[in-house]
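> Below is the structure I would like to discuss, written out as structure tokens.
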Ligand SMILES: [Zn+2]
């Protein structure tokens with residue numbers, strides 16, 4: 001059995017001497033295999049019924065919140081509804097994320113079906129995001145190859161067009177950064193999560209990406225139809241604001257979790 005290496009060089013408990021010589025660009029003193037070996041076996045077992053129960057629970061909460069919002073339709077309720085439903089949208093995203101990782105169940109078909117339903121409901125193209133998210137995990141913290149959040153070099157920043165610069169760096173526009181990222185990736189990178197021919201994907205993945213883009217299009221059509229029947233302002237309150245809450249959460253989360261880099265930032 002592989003023994004985990006001591007982590008004192010990276011933990012907060014490191015002595016002053018250790019901290020003095022800590023090199024943030026050095027590889028960590030442990031391997032992925034050490035981490036895997038340290039995780040108890042039962043944590044690797046997937047329980048489909050349990051996973052589905054989480055989906056049922058979250059869908060019930062989302063439905064109850066929607067029913068309450070329609071029932072009250074009051075300015076007293078909306079400020080309570082927005083953060084609550086935004087958090088529940090995030091919960092749907094996380095379950096779809098687990099489908100994408102294959103940790104939801106042992107059935108790739110079930111993972112794909114549930115992932116499509118959950119992610120399409122919050123306007124995320126399931127396969128497009130799943131594939132680029134895999135690239136993110138394979139290169140997490142790499143200054144150039146990470147997918148989700150990449151620090152800009154001075155050269156890339158200076159060459160940004162005004163629109164991109166405003167969307168990413170001028171408040172309140174960064175709350176739209178997530179759909180912007182899905183549409184055109186990070187600045188300095190090419191391709192789109194919606195385009196099967198994007199360089200994010202291999203030729204064998206194009207069908208999957210197209211399927212997810214179609215599901216996303218169906219959800220968008222449903223939202224447009226509901227806007228016509230229920231009124232665009234009502235739909236903005238019911239769906240748009242919670243969507244912006246999850247978009248902002250994505251922006252803050254990826255900014256926060258990707259602050260450490262394996263290589264020095266290039267000039
Ligand atoms: Zn992940």
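Derivation of every value follows stated rules applied to the coordinates shown; laboratory data play no part. Bear in mind that the values here come from a model prediction, so they are computed numbers and not experimental data. Note that we place each Cβ from the backbone using ideal geometry, even for glycine, and neighbour counts take in every protein chain shown.
> Taking the Cβ of each residue in 107, 249, 132 as the centre, tally the other Cβ atoms inside 10 Å and list the residues starting with the fewest.
Fewest-to-most Cβ neighbours within 10 Å comes out as 107, 249, 132.
> Okay, next question. Could you please rank 215, 43, 99, placing first whichever residue has the fewest other Cβ atoms within 10 Å of its Cβ?
Result, fewest neighbours first: 43, 215, 99.
> Another question, if that's okay. I need to check one value: relative contact order of region 65-257, counting alpha carbon pairs closer than 8 Å and at least 6 residues apart, in percent.
26
> Okay, next question. If you scale each eigenvalue of the Cα gyration tensor by 5 and take the root, what three semi-axes come out for region 65-257, rounded to whole angstrom and sorted largest first?
28, 22, 16
> At a 10 Å Cβ-Cβ cut-off, how would you order 229, 213, fewest neighbours first?
229, 213
> Now for a different question. Once all Cα-Cα distances of region 178-232 are split into 5 Å bins that start at 0, what whole-number percent is in each one?
4, 19, 19, 20, 15, 11, 7, 4, 1
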